[in-house]
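For reference, the structure discussed in these notes is given below.
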Protein chains: 2
Amino acid sequence: MAEMTTHRHRRRAETEAEIKAHAWAAMRESGPAVLSLRHVAREMGMAPSALYRYFASRNDLLTALIVDAYESLGEQVNETYVRAGAAGQNAFEVFMAVAHTYRGWAMSHRTEWALIFSTSLPDYNGTPETYAAAGRSFGILIQLTADAVAGGLIDVDRLDRTLDDKLRESMRVWAEHTGQELPAGALAGSMWCYSVMHGAISLDLNGQFPPPMADSPALFDSALRAMLAQLTPTD
Amino acid sequence: MAEMTTHRHRRRAETEAEIKAHAWAAMRESGPAVLSLRHVAREMGMAPSALYRYFASRNDLLTALIVDAYESLGEQVNETYVRAGAAGQNAFEVFMAVAHTYRGWAMSHRTEWALIFSTSLPDYNGTPETYAAAGRSFGILIQLTADAVAGGLIDVDRLDRTLDDKLRESMRVWAEHTGQELPAGALAGSMWCYSVMHGAISLDLNGQFPPPMADSPALFDSALRAMLAQLTPTD
DNA sequence: CTCACATAGAGAACAGTGTTCACTTTGCGA
DNA sequence: TCGCAAAGTGAACACTGTTCTCTATGTGAG
């Protein structure tokens with residue numbers, strides 16, 4: 001009974017989608033954070049108050065947009081994960097493919113990226129929905145780490161020895177929580193890679209790389225490979 | 001004649017500082033991006049329009065705040081650079097000290113960090129002043145790279161060979177621009193480290209590390225050391 | 001087929017915002 | 001001491017998100 005698709009229900013879903021589409025369009029040309037309900041309403045030829053039949057507040061609309069963005073990102077990333085895995089590549093190569101997809105998405109969806117990662121939108125607070133969406137995207141990283149461990153690509157013992165006791169303990173706590181076979185050293189390594197990936201993209205998007213290296217997938221690639229090399233056994 | 005410090009001039013500087021102080025206070029408790037001129041004015045017991053004698057617009061006030069934030073960051077970072085250098089540590093250890101200062105500043109100045117790095121504040125566009133301020137902070141990284149090269153800490157040739165031709169060329173272009181002795185490989189390595197540093201801080205601040213590893217200087221430290229290890233000659 | 005009712009929408013209103021403009025007060029320099 | 005620029009005021013304008021009352025209208029039950 002959740003999917004009683006009467007005419008009205010379909011119409012409602014359509015308008016909802018149309019609102020979000022107009023919201024994205026507005027943000028794309030004026031930057032996120034200046035999303036104006038009245039503007040969207042004007043654009044759609046309806047009264048501002050009518051929007052409140054679809055989203056309880058501006059924050060709720062933003063939340064829906066953020067969740068959609070996460071979903072779009074997660075979908076693309078997951079797709080490459082599956083495809084690269086099916087092609088029989090090892091976990092590190094799959095990770096590189098996923099990372100490049102991640103970066104490509106960020107570059108071609110700057111508004112979405114900003115909406116997801118720019119701390120502190122005006123007056124906006126994260127909600128459980130967005131946290132859940134974020135977690136799903138994080139899950140792939142965990143999965144990749146487990147794959148790499150299973151494939152013997154990570155020198156687990158050596159990495160483990162580089163951690164100090166308190167850090168190793170934090171890792172162990174989280175590893176239990178994932179339910180995967182994740183030694184502390186491997187988990188730390190995956191965090192290192194995550195940091196490189198996110199940092200390189202973030203700096204690039206914010207224009208904080210010197211001009212000649214801006215928008216350079218090669219720099220991104222080299223940074224990630226450098227970090228991966230640090231995880232391999234045959235040092 | 002620029003520093004004719006008449007009574008009026010001093011008063012003016014004071015009010016200007018007071019405005020900024022109130023602005024910071026407001027942002028600290030309501031998040032950045034919701035900075036309201038009227039609120040600041042109310043807090044100071046003056047008419048909203050009076051603020052316009054000090055800052056031509058909300059954007060101008062934001063710019064001043066950002067520049068101040070950069071200056072605060074740059075000052076702290078530079079201080080550790082000087083102190084650690086004077087203590088006779090090698091370039092890598094100095095870098096680690098600088099990185100920890102950087103991270104510490106970010107943690108204790110979340111509002112400032114958000115103001116500097118969160119892309120797309122509502123309606124705010126970067127200005128030459130902020131770019132100049134950013135460049136000054138970037139300069140230390142370049143200096144550290146040069147120090148490391150001079151100290152023979154970086155396996156310049158090996159790193160150089162890992163770069164593909166186009167990337168090496170971009171690096172060379174920028175290296176010339178710095179006026180320092182910076183081989184392409186070393187410059188790439190410094191970008192890798194910059195990415196790790198920024199990424200780890202950014203993820204941590206945005207709460208995108210799993211809870212047990214949140215706010216962990218040790219994880220930050222291990223990630224950076226892993227990347228540094230990738231630069232050393234005695235592989 | 002009709003009738004009741006939830007749904008979709010309109011439009012006015014409220015409190016808040018950044019910004020401008022004409023006006024007054026006030027302090028400094030000649 | 002006088003004149004003028006700087007500092008501050010208060011009203012106004014065009015916005016914003018949100019709420020409220022009100023009116024159509026499509027839908028499901030009898």
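The values are calculated or read from the model by the stated rules, or taken from the named source; none is laboratory data. Being a predicted model, the structure only gives us computed values, none of them experimental. Counting neighbours? That spans all protein chains shown, and the Cβs are built from the backbone with ideal geometry, glycine included. Calculation scope for accessible area: heavy atoms of the full protein, side chains included, ligands and nucleic acids excluded. Shrake-Rupley method; radii C 1.70, N 1.55, O 1.52, S 1.80 Å.
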When you check A:A87 against the structure, is it away from DNA strand C (no atom under 13 Å from the Cβ), open to solvent by 60 Å² or more (accessible area, probe 1.4 Å) and within 26 Å of the chain's Cα centre (by Cα), yes or no? yes
Condition first: under 25 Å from B:W113 (Cα atoms), more than 7 Å from chain B (Cβ to nearest Cβ) and of a type in the set (V, I, T). Can you find one or more residues in the stretch A:198-210 that meet it? yes
So which residues in the stretch B:173-230 are of a type in the set (S, T, N, Q), within 22 Å of A:A218 (Cα to Cα) and without any contact (Cβ under 8 Å) to a residue 40 or more places away in the chain? B:T178, B:S195
What tally of residues in the stretch A:147-166 results from selecting those that are touching a Ser or Thr at 6+ places or on another chain (Cβ under 7 Å) and of a type in the set (D, E, K, R)? 1
Restricted to the stretch A:31-51, and to residues that are within 8 Å of DNA strand C (Cβ to nearest atom) and open to solvent by 60 Å² or more (accessible area, probe 1.4 Å), which residue is nearest to the other protein chains (Cβ to nearest Cβ)? A:S49
Please tell me if A:R28 is open to solvent by 60 Å² or more (accessible area, probe 1.4 Å), in contact with a Pro (Cβ under 9 Å, 6 or more places away or on another chain), under 25 Å from B:S118 (Cβ atoms) and not hydrophobic (A, V, I, L, M, F, W, C). no
So A:A21 ticks every box in (1) in the same structural domain as A:T130 (by TED's automatic domain parsing); (2) more than 13 Å from DNA strand D (Cβ to nearest atom) but one. Which box is left unticked? (1)
I'm trying to understand the selection: among the residues of the stretch A:52-75, which are aromatic (F, W, Y) and either within 12 Å of DNA strand D (Cβ to nearest atom) or open to solvent by 40 Å² or more (accessible area, probe 1.4 Å) (or both)? A:Y52, A:Y54, A:F55
Test: B:D164 is open to solvent by 30 Å² or more (accessible area, probe 1.4 Å), out of contact with any Cys (no Cβ under 9 Å at 6 or more places or on another chain) and at the interface with chain A (Cβ under 8 Å from one of its Cβ atoms): yes
Could you list, in sequence order, the residues of the stretch A:175-197 that are among the small types (G, A, S), at pLDDT 95 or above and farther than 25 Å from A:L115 by Cβ? A:A184, A:G185, A:A186, A:A188, A:G189, A:S190
Among the residues in the stretch A:114-129, are any surrounded by 15 or more Cβ atoms within 10 Å (Cβ to Cβ), modelled with pLDDT of 90 or more and in contact with a Phe, Trp or Tyr (Cβ under 8 Å, 6 or more places away or on another chain)? no
Output the qualifying pairs, or none if there are none: Cβ atoms under 7 angstrom, residues six or more apart or on different chains, first residue in the stretch A:131-142 and under 18 Å from A:F95 (Cα atoms) and within 10 Å of chain B (Cβ to nearest Cβ), second residue open to solvent by 30 Å² or more (accessible area, probe 1.4 Å) and assigned to a helix (DSSP H, G or I). A:I142/A:T178
What number goes with the only condition from (1) open to solvent by 50 Å² or more (accessible area, probe 1.4 Å); (2) among the hydrophobic types (A, V, I, L, M, F, W, C); (3) under 28 Å from A:Q89 (Cα atoms) that A:C193 does not pass? (1)
